[in-house]
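Have a look at the structure below, then the notes.
Laboratory data are not the source of any read-out in this text; all were calculated from the coordinates shown. In this text, all values refer to a predicted model and were calculated from it rather than measured experimentally. In this analysis, Cβ positions are derived from the backbone assuming ideal geometry, glycine residues included, and neighbour counts consider all displayed protein chains.
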Amino acid sequence: MMKLFDSHCHLDDRSYKNDFDKVLHNARQEGVEKIMVVGITQKSCRLAVELSKKNPEIYVSVGIHPHDVKDCTEEVLISLKKLAQNKKVKAWGEIGLDFNRMFSPRSLQEKWFIRQLELADELGFPLIFHERDSKGRFFEILKDNFKPGAKGVVHCFSGNRRELSNYLSLGLYIGITGIVTIEKRGEHLRKLVTGIPSDRLLIETDAPYLTPAPQKNHTKRNEPAFVKSVLMKIAEIRGEDPEKLASIIWDNTHRVYGISDS
């Protein structure tokens with residue numbers, strides 16, 4: 001069976017409260033052996049770390065999402081820095097800019113994005129990025145603050161060809177979600193997936209969101225087991241053997257997060 005790594009999900013979400021163990025069982029049945037649970041608030045980061053202590057396949061990132069930076073303070077970041085001492089914490093994120101829904105003011109998004117870039121550099125952590133409708137501002141900040149040799153992934157990539165080229169020029173990895181499986185919504189993404197170097201490609205669910213096809217026809221809630229559908233669609237688009245591609249992506253995910261393949 002192919003070994004799969006869901007590089008980005010939110011298993012701390014309350015939608016898993018009643019069947020969490022079954023969700024992990026489903027993942028194992030589909031070959032998903034490792035899972036990155038991504039923090040977005042101080043509370044979700046704490047919950048994610050607790051999950052990782054009880055479940056060996058779970059790893060964690062900590063950070064404050066751009067939607068939530070309106071509540072960010074230096075004290076909050078200090079608490080996350082302490083939390084990051086846990087051995088299962090392997091990345092900082094999800095951080096970035098989101099000028100679509102504007103749940104936090106632009107000035108605060110930019111301030112705490114830069115501050116978290118500095119903190120991740122101080123700790124030597126790879127980064128998990130969120131970008132939506134920033135009209136180039138996200139890349140501008142990265143150019144000035146993302147240090148040479150640093151590692152990171154643009155999660156749920158849905159940009160254009162120029163943005164993809166810019167991210168690759170910084171050495172970033174590209175996370176692809178179930179959007180790639182959706183007939184209309186994923187049309188543009190499918191055209192770009194062929195241009196991602198195989199050694200920069202990651203797969204993710206962003207569960208409980210972005211359920212891929214065909215599962216979305218039966219359930220609204222996404223889960224790590226469904227990352228196999230993302231892998232299979234990418235392999236189909238690229239004309240590659242799914243098992244070989246899965247092996248490459250498995251190695252990529254371990255490399256970007258600094259996780260031992262054992």
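At a glance:
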item	result
Subset of region 116-139 (residues that are touching a residue at least 40 places away in the same chain (Cβ under 8 Å) and of a type in the set (D, E, K, R))	ARG137
Whichever residue in region 64-79 is buried (at least 23 other Cβ atoms within 10 Å of the Cβ) and in a helix (DSSP H, G or I) and, among such residues, is nearest to the chain's Cα centre (by Cα)	PRO66
Subset tally (residues that are surrounded by 20 or more Cβ atoms within 10 Å (Cβ to Cβ), touching a Ser or Thr at 6+ places or on another chain (Cβ under 6 Å) and among the charged types (D, E, K, R)) for region 189-241	3
Where TRP92 falls short, out of the listed (1) part of a strand (DSSP E or B); (2) touching a residue at least 40 places away in the same chain (Cβ under 8 Å); (3) out of contact with any His (no Cβ under 8 Å at 6 or more places or on another chain)	(2)
Counted residues, region 236-259 - those being out of contact with any helix residue (DSSP H, G or I) (no Cβ under 8 Å at 6 or more places or on another chain), under 10 Å from MET2 (Cβ atoms) and among the small types (Gly, Ala, Ser)	1
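Residue-by-condition table, conditions (1) surrounded by fewer than 13 Cβ atoms within 10 Å (Cβ to Cβ); (2) touching a residue at least 40 places away in the same chain (Cβ under 8 Å); (3) not in a helix (DSSP H, G or I):
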{"position": "ASP21", "(1), (2), (3)": "yes, no, no"}
{"position": "HIS25", "(1), (2), (3)": "yes, no, no"}
{"position": "SER52", "(1), (2), (3)": "no, no, no"}
{"position": "SER61", "(1), (2), (3)": "no, yes, yes"}
